[in-house]
Amino acid sequence: MTVSAVAQEMNFKLSKQSETPFYFSVKVPDGNYKVTVTLGSHKKKAITTVRAESRRLMVENCATLKGQFKTYEFIVNKRSPRISDTKKVILKDREKYYLDWDDSLTLEFNGVNPCVKSIEIQPDTTALTVFLCGNSTVVDQSKEPWASWGQMVTRWFGPSVSISNHAESGLTAGSFLAGNRLDKILCMMKKGDYVMCEFGHNDQKEKGPGSGAWYNFSYNLKKFIDEVRAKGGNIIFVTPTQRRSFDLAKVHIQETHGDYPDAMRAVARRENVPVIELHDMTRTFFETLGFENSKKALVHYPAGTFKGQDKALADNTHFNPYGAYEVAKMIIMGMKKLNLPMVKALRNDWKDYSPSSPDDYNKFLWYPAPVSDTIKPDGN
């Protein structure tokens, strides 16, 4: 379903139930939207998961009995590449098909007999917006089995916090800036909003004059700081997720990021930028799971698991939904450690988390979206 652009509240009575996933889409201008969904059916019991845009998890596995209904509220950030009449975000070819960058707000309903009674959508100008900058470990991955923490962290926030994820696979701090992505953030950001930056994976592969952790990388991080603060925003650094690179004894994670995490920390100390130590937490996470079980958090699947997959997938950088879900919890624990204001908006079912005691991957329940891809995202 698609309707014209709105400037006021919209209400839709769907009474929609299905044995397969389905989508709802409405054309709206860029901005934040408060979405209220009532899930359930008079006719059958159901388990309904709600995701927004490119698989951002909003409602996790809502179970309803026949005749039972449950209502949820959350904020969806919608954006297009347009910055001004003469400027836009420079998208990669693959991004041009992302639901994240089109003219509509899209919801995915998935699960067991997913059922929706009604949807209410209204513009929101008061939510605290957290803008995400980064690479393939942050981006809203559009297709199964790939996933990143930026599209999972949305699950834990109530209707006063919006997550706006501008990351893309393969980007460095420099290419993020060159692609006008920070400019897009700045044109959407209001005073007091937050910008979170996780870079390092791809930056370390840059070659040429000035490349390296202590010059180009540090210089670009300083540009993020200056430009965000000049517009009245707050900036947070996130050290990069570890790669699954065990030592010969298959016990400890080896450092593969060179000087980049330390360079980020050094810039943060000089400029008084808070840091979430995702680098350390993901090391603990992998080592706790162990050499074999840590594969359960990444895109490791035998041939034939997904449509058109004729070869095994064995990726030690990119997370699957379980891994991304766990890393998102680490991000929230980092926010709590820094006492950031958005943690006041955590949903009532949030429980504090430790990467040394991760959730059981055997109990993680994820209903795959209808679209999958065996092509590895850009970057490593």
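Considering each of G210, G174 in turn, give the residue that is in a loop (DSSP other than H, G, I, E, B), surrounded by fewer than 24 Cβ atoms within 10 Å (Cβ to Cβ) and not charged (D, E, K, R). That would be G210, the only listed residue that is in a loop (DSSP other than H, G, I, E, B), surrounded by fewer than 24 Cβ atoms within 10 Å (Cβ to Cβ) and not charged (D, E, K, R). Assess whether K66 counts as being outside any strand (DSSP E or B), of a type outside the set (S, T, Y) and surrounded by fewer than 18 Cβ atoms within 10 Å (Cβ to Cβ). So K66 passes the test.
Residue by residue, here is whether (1) of a type outside the set (K, R); (2) modelled with pLDDT under 95; (3) assigned to a helix (DSSP H, G or I) holds:
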{"residue": "G334", "(1), (2), (3)": "yes, no, yes"}
{"residue": "V343", "(1), (2), (3)": "yes, no, yes"}
{"residue": "D352", "(1), (2), (3)": "yes, no, no"}
{"residue": "I375", "(1), (2), (3)": "yes, yes, no"}
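Selection of region 69-100 for residues being open to solvent by 20 Å² or more (accessible area, probe 1.4 Å) and aromatic (F, W, Y) yields F69, Y72, Y97.
Being within 27 Å of S372 (Cβ to Cβ) and open to solvent by less than 20 Å² (accessible area, probe 1.4 Å) is true for just one of V267, V299, V273. Which residue is that?
On the way: V267 fails: within 27 Å of S372 (Cβ to Cβ); V273 fails: within 27 Å of S372 (Cβ to Cβ).
None of the other options fit; the residue is V299.
For N380, are the conditions met, namely being among the polar types (S, T, N, Q), at pLDDT below 95 and under 19 Å from the mean Cα position of the chain (by Cα)? Yes: the conditions hold for N380. The condition (being over 20 Å from the mean Cα position of the chain (by Cα), at pLDDT 95 or above, surrounded by fewer than 23 Cβ atoms within 10 Å (Cβ to Cβ) and of a type in the set (F, W, Y)) is satisfied by just one residue among F217, F246: F246.
Picking from A7, A52, which residue would you name as being of a type outside the set (D, E, K, R) and at pLDDT below 90?
Among A7, A52, only A7 is of a type outside the set (D, E, K, R) and at pLDDT below 90.
For region 143-161, the count of residues that are touching an Asp or Glu at 6+ places or on another chain (Cβ under 8 Å), among the polar types (S, T, N, Q) and modelled with pLDDT of 95 or more is nonzero. Against the definition (basic (K, R) and either crowded, with 21+ Cβ neighbours inside 10 Å or touching a Leu at 6+ places or on another chain (Cβ under 6 Å) (or both)), how does K27 come out, yes or no? Answer is no for this residue. Among residues of region 346-369 that are in contact (Cβ under 8 Å) with a residue 60 or more places away in the chain, those with a Cβ under 6 angstrom from a residue that is open to solvent by less than 50 Å² (accessible area, probe 1.4 Å) and assigned to a strand (DSSP E or B), sequence gap 6+ or separate chain, pair up as L365/N61; Y367/T49; Y367/N110; Y367/G111; P368/E144; A369/E144. With part of a loop (DSSP other than H, G, I, E, B) and aromatic (F, W, Y) as the only criterion, which of F237, F199 stands out? Only one candidate qualifies: F199. When restricted to residues that are in contact with a strand residue (DSSP E or B) (Cβ under 9 Å, 6 or more places away or on another chain) and among the small types (G, A, S), region 329-380 contains 5. The set of residues in region 192-214 being closer than 18 Å to N165 by Cα and at pLDDT 95 or above consists of G192, D193, Y194, V195, M196, C197, E198, F199.
Return yes or no: is H257 open to solvent by less than 10 Å² (accessible area, probe 1.4 Å), part of a loop (DSSP other than H, G, I, E, B) and either under 21 Å from S136 (Cβ atoms) or touching a residue at least 40 places away in the same chain (Cβ under 8 Å) (or both)? Criteria met by H257. Within region 124-149, the set of residues being more than 29 Å from K307 (Cβ to Cβ) and open to solvent by less than 10 Å² (accessible area, probe 1.4 Å) comprises A127, T129, V130, F131, L132, C133.
The values are calculated or read from the model by the stated rules, or taken from the named source; none is laboratory data. Keep in mind that this is a model prediction, so the values were computed, not measured. All Cβ positions, even for glycine, are placed from backbone atoms using ideal geometry, and neighbour counts span all protein chains on display. Remember, those area values only see protein heavy atoms, side chains included, never the ligands or the DNA or RNA. Shrake-Rupley method; radii C 1.70, N 1.55, O 1.52, S 1.80 Å.
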